[in-house]
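Visitor: The structure is given below, and queries will be raised subsequently.
The values are calculated or read from the model by the stated rules, or taken from the named source; none is laboratory data. Treat the numbers as computed from the prediction; the structure is a model and nothing was measured. Because the Cβ atoms are built from the backbone with ideal geometry, glycine has one as well, and the counts that use them run over all protein chains shown. Quick note on the areas: whole protein, heavy atoms, side chains included, nothing else; ligands and nucleic acids left out. Shrake-Rupley method; radii C 1.70, N 1.55, O 1.52, S 1.80 Å.
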Amino acid sequence: MPHCNQPKTMRFWGLFRVLVQPQRPQLASQCQFCLTRSRFFSSQPQPDRKNVNIGTIGHVDHGKTTLTAAITKYLHKKGLAKYVPYGEIDKAPEEKARGITINACHVGYSTERRTYAHTDCPGHADYIKNMISGASQMDGAVLVVAATDGQMPQTREHLLLAKQVGVSKIIVYINKTDLVDAEVLELVELEIRELLEDFGFDGAHCPLIFGSALEALEGQDTERGTKSIQKLLDALDSYIPYPERDCKSPFMLPIDNTFSVSGRGTVVVGTLTRGTLKKNAEAELLGFDLSLKTTVSDIQAFKQSLPEVRAGDHVGALVRNVKLKDIKRGMVLCAPKSLKLSNRFKASIYFLTKGEGGRSKPIANKYCQQLFSQTWTVPCRIDLDDDVTMLMPGEYGNVKLTLLWKMVMSPGQQFTVRENNFTVATGIVTETMPDVEVKGKLHLVD
Ligand SMILES: Nc1nc2c(ncn2[C@@H]2O[C@H](COP(=O)(O)OP(=O)(O)O)[C@@H](O)[C@H]2O)c(=O)[nH]1
Ligand SMILES: [Mg+2]
């Protein structure tokens, strides 16, 4: 690069080296599941094989844990997993994620093509907490439905949450087919496909497998026994895509840090969460009610100046015509007109119990606290649903958030609420609403 030889630029690079450490996207081999995998895998998965994160979801007692155990037993015989018995899965140790206690069991197994980290939770509350807090993210899910019951309240709740957290692929396992007649199975299939469509999934085309997890666990080599497990594994391999970084959408860089380099200008630092950022790209800086236009005149990553960087890269971007005092951590550098500022959002929220470090008192309507998300903190007001007068610690619900300043928040974005430096709630944005005028301390004008 021509300017590399200049002394000022040397200082610029030096600063970059300190602030922009190369940070490659987290590899599967470094993730939390690896620990589990080393516990449960009989043989280490091949390093070049990609990992896919999945989980069983569905109503209590429909057979999620039995199915999880049956998969490991079946693959154990092929030398592709360590058998994890039912009892071991159900007494999953407590995990702390963002201060919340979650019981979740992660088992690891391989097919001929891939490795999977599979999450199964013992209780309904664990599912809710797991999904809302984003503790174990899923690239796809296996919805277990007992043919004896069909859809039940938790079936719907788990599907809604899966949709909200961005799980796009669902495979259905109709379980307990040993207990019902063939005509019932047809009805259950119709009902579940329709239910999936109602929740915005591809109900018409998603794989649906009939089986009996219990017979499979007993090792019965029948259509609904172990053969149904093989069908399920084939469906996982073919229907659930590898998690890929989104390099095609307009770029987005939440800002972690800002500084100025004398003679050059203002630099913003952060990890590109999506898209591809090119040198000389037009851009916008959004957040804290502000919207500033700029151009990215230089990009640094991996200790060098680059013509372009991609999603997952930790970068520093030199932004033209922007003063350091006008920008701060928490703003977003993005492609022009690709994102919108707002101060009002719909969200799903879970309030921690006192035992988890949360409140002991109920949460009333118009509850005001600090909201944390990505790299920022903004005072926020939480309005409960019209038909709800209060939420108790340990409960979850749908709410509206009103921020004191307009920020960028997208559906699927996670946040926490803190009170006196303790996390009292965790949530996920489900919809951006039109912004509202806020006067003084979060009193709405309308
Ligand atoms: N008859 C029959 N019972 C099953 C089948 N799968 C699971 N069960 C039983 O259903 C009960 C609940 O199963 P479990 O796996 O704990 O359900 P979970 O709450 O969804 O994890 C247990 O008693 C299982 O033995 C099946 O395919 N057929
Ligand atoms: Mg279970």
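Visitor: Ignoring ligands, DNA and RNA, please state the percent of accessible area on segment 281-386 from carbon and sulfur, probe 1.4 Å.
Guide: Details: 2190 of 4500 Å².
That share works out to 49 percent.
Visitor: Additional query: Per residue, how much accessible area does segment 106-194 have with a 1.4 Å probe, in Å²? Numbers along the way, then the final one.
Guide: Values: 3110 Å² over 89 residues.
Accessible surface, normalised per residue, equals 35 Å².
Visitor: Something else: Send over a whole-number figure in Å² for the accessible area per residue of segment 302-446, probe 1.4 Å. List each step's numbers first, then the result.
Guide: Values: 6940 Å² over 145 residues.
With all protein chains present, segment 302-446 gives 48 Å² per residue.
Visitor: Turning to a different aspect of this structure: Taking a ≥ b ≥ c as the square roots of the Cα gyration tensor eigenvalues, with a/c under 1.5 meaning rounded and otherwise prolate when a/b beats b/c, else oblate, which class fits segment 298-446?
Guide: Details: a/c = 2.43, a/b = 1.83, b/c = 1.33.
Prolate, since a/c reaches 1.5 and a/b exceeds b/c.
Visitor: Can you tell me how segment 259-312 classifies by the Cα gyration tensor, rounded, prolate or oblate, using a/c under 1.5 as the rounded cut? Write out the running numbers ahead of the final one.
Guide: On the way: a/c = 1.66, a/b = 1.16, b/c = 1.43.
Oblate, because a/c is 1.5 or more while a/b does not exceed b/c.
Visitor: Relative to the Cα centre, what is the charge dipole magnitude of segment 121-275, using +1 at the beta carbon of each Lys and Arg, -1 at the beta carbon of each Asp and Glu, and rounding to the nearest 20 debye?
Guide: 1100 debye
Visitor: Using R₀ = 30 Å, calculate the FRET efficiency as 1/(1 + (r/R₀)^6) where r is the Cβ-Cβ separation of K354 and D435; round to 0.05. Walk me through the numbers on the way to the answer.
Guide: Working: r = 35 Å, r/R0 = 1.16.
The pair K354/D435 has a calculated efficiency of 0.30.
Visitor: Still on this structure, please answer the following. Please compute the per residue accessible area over segment 228-279 with all protein chains in place, 1.4 Å probe, rounded to a whole number of Å². Intermediate values should be presented prior to the final figure.
Guide: Details: 2170 Å² over 52 residues.
Using a 1.4 Å probe on heavy atoms only, each residue of segment 228-279 averages 42 Å².
Visitor: On to the next question. Going by a ≥ b ≥ c, the root eigenvalues of the Cα gyration tensor, does segment 348-391 fall in the rounded group (a/c under 1.5), the prolate group (a/b larger than b/c) or the oblate group?
Guide: Values: a/c = 2.10, a/b = 1.19, b/c = 1.76.
It comes out oblate by the Cα gyration axes.
Visitor: Here's a follow-up. Which of the aspartates and glutamates could be linked to K303 by a straight reach, that is with a Cα gap under 17 Å, when you skip same-chain ones fewer than 8 residues away?
Guide: Answer for K303, where 17 Å is the Cα cut-off: D313, listed by chain and number.
Visitor: Return the carbon/sulfur percentage of the accessible area of segment 140-237, one whole number, probe 1.4 Å, all protein chains in place.
Guide: Details: 2090 of 4080 Å².
About 51 percent, which is the carbon plus sulfur part of the accessible surface.
Visitor: In the structure displayed, which of K293/K346; K293/K340; K91/K361 lie more than 20 Å apart, Cα to Cα? Walk me through the numbers on the way to the answer.
Guide: Numbers: K293/K346 28 Å; K293/K340 14 Å; K91/K361 30 Å.
Over 20 Å Cα-Cα: K293/K346; K91/K361.
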